[in-house]
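Q: Structure incoming, see below.
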Amino acid sequence: MKNFISLLTAVVLFSVTLLAQQTAENQWVYKGPVPVILTAGQSNADGRVPMDHFPAHVKYNFCQWSYGSGDYETSTGQFTPFWPRVAKPKAEQSWGFDAVVYSLLEQDWQRPFYVIKHTDGGTAIDPSCKSSTHGLYWSADTTFLCGTTSASHGGKSLLLAFERQIDDCLKNLPAPYEIKVLLWHQGESDQKADSLYYDNLKAVVAHLRRHLVEVTGNPAYVDLPVVCGNFSLKSRQRSQRVADALERLAKEDANFHVVDASDLPLLEDGLHFNAQGAVELGNRVYGKLVELGITR
């Protein structure tokens, strides 16, 4: 009888310990709100590195995404398992620096997280830049926005398309969620309006932050962190004024952060990061997220 009681006690203690470990693990895995990443910009944010140069060690188990791209592809607000691709014809099987960021975040979070991405190559903020792809713009100018509609619904506004995509996606997110950061890479197409880039991008960021506050009811999003890369010195579309505008914004806005990409290599087109450049920029952006505590 004594042996039976000892055995029963041991079994109970083992079960309690196992349950405690399981509970602790679940609390660790599912602790806090579900993380959400916003990603936007033009081609280097969209991705132009061929998939045959994709790092073999990069895997995805948790990342879910919603992808929109101007008038090429309209998001429905639904999420699917992340695998890099772009909506550019004849270059669909491509990837960019953000694919590296998500894979690194997977290692930290070890749980489902969500990406809302809206990117379109060759697009400017300022409507005076007539070379912007399909005449689509990121502008937050009131006159421009009042005279158009979302690019995903026949208009010219990428900003309205992105915000509409966010609204649709938020309805399909598990609660509670937390929008952690906006990853942004854009500016090459604003060369001809580079003296206006500071005001233009500042207005875009403010417009998006206000929209997030309105749609979620969370006033904290007025300070949503923004992390953006700058441009390779070898880029044929690099503008020093645009690069300076990014640095000025970072000095004035404590939640706006610039990651250096000036030394990174490009594809033969002299514009888009190659595999080495995309991986390194992804690592640097992730490093900034760690520094800001966003990965916790």
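The values are calculated or read from the model by the stated rules, or taken from the named source; none is laboratory data. On a predicted model such as this, the values are computed, not experimentally measured, just so you know. With ideal geometry, Cβ positions are generated from the backbone for all residues, glycine too; neighbour counts draw on all protein chains shown. SASA here: full protein model, heavy atoms, side chains in, ligands and nucleic acids out. Shrake-Rupley method; radii C 1.70, N 1.55, O 1.52, S 1.80 Å.
Q: Going highest first, how would you order 148-154, 223-229 by mean Cβ packing within 10 Å?
A: Working: 148-154: 18.0, 223-229: 21.7.
Ranking, from highest mean packing down: 223-229, 148-154.
Q: Which whole-Hz ³J(HN,Hα) couplings does the range 164-177 yield from phi under the Karplus relation 6.51 cos²θ - 1.76 cosθ + 1.60, θ = phi - 60°, glycine and proline marked x?
A: After applying 6.51 cos²θ - 1.76 cosθ + 1.60, I find 5, 4, 4, 4, 5, 5, 4, 5, 10, 7, x, 9, x, 10 Hz.
Q: Tell me, what is a quarter of the convex hull surface for the C-alpha atoms of the range 129-206, in nm² with one decimal? Please report the intermediate quantities before stating the final value.
A: Values: hull surface 24.3 nm².
Approximately 6.1 nm², given one-decimal rounding.
Q: Same structure again: Tell me, rounded to the nearest percent, the portion of alpha carbon pairs in the chain spaced more than 36 Å apart. Can you show the working numbers first?
A: On the way: 8045 of 43660 pairs.
Of all Cα-Cα pairs in the chain, 18 percent lie more than 36 Å apart.
Q: While we're on this one: Restricting to DSSP loop positions (anything but H, G, I, E, B) with no more than 14 other Cβ atoms inside 10 Å of their own Cβ, which GluC sites (Glu not before Pro) remain in the range 197-279?
A: Passing sites in the range 197-279 are 268.
Q: In angstroms, what radius of gyration and Dmax does the range 56-208 have, counting Cα atoms only?
A: Answer for the range 56-208, Rg first and Dmax second: 15.9, 47 Å.
Q: Something else about it: Any idea of the accessible area per residue across the chain, 1.4 Å probe, to the nearest Å²?
A: Values: 13970 Å² over 296 residues.
Spelled out: the 1.4 Å probe surface of the chain, per residue, equals 47 Å².
Q: Work out the charge dipole of the chain with +1 on the Cβ of Lys and Arg and -1 on the Cβ of Asp and Glu about the Cα centre, then indicate which of 63, 132, 233 is farthest towards its positive end.
A: Highest projection toward the positive end goes to 63.
Q: Then there is this: Please get the size of the charge dipole for the chain, origin at its Cα centre, with Cβ charges of +1 on Lys and Arg and -1 on Asp and Glu, quoted in debye to the nearest 20.
A: Values: 27 positive and 32 negative charges, 105 e Å.
Dipole of the chain, to the nearest 20 debye: 500 debye.
Q: Tell me the relative contact order for the chain as a rounded percent, counting alpha carbon contacts under 8 Å between residues six or more apart. It would help to have the intermediate numbers written out before the result.
A: On the way: 542 pairs, mean separation 61.6, N = 296.
In percent, rounded to a whole number, it is 21.
Q: Sticking with this one: For the chain, what is the calculated [θ] at 222 nm in deg cm²/dmol (nearest 500), taking -39500 (n - 2.57) for each run of four or more DSSP H residues and dividing by its residue count?
A: So the calculated ellipticity at 222 nm is -12500 deg cm²/dmol.
Q: Between their Cα atoms, which of 192/251; 59/90; 171/234 are more than 31 Å away from each other? It would help to have the intermediate numbers written out before the result.
A: Values: 192/251 24 Å; 59/90 24 Å; 171/234 42 Å.
Check vs 31 Å cut-off fails for 171/234.
Q: Shifting gears a bit: Roll a 1.4 angstrom probe over the protein heavy atoms and tell me the percent of accessible area of the chain that is carbon or sulfur. It would help to have the intermediate numbers written out before the result.
A: Working: 7520 of 13970 Å².
Percent of accessible area from carbon and sulfur atoms in the chain: 54.
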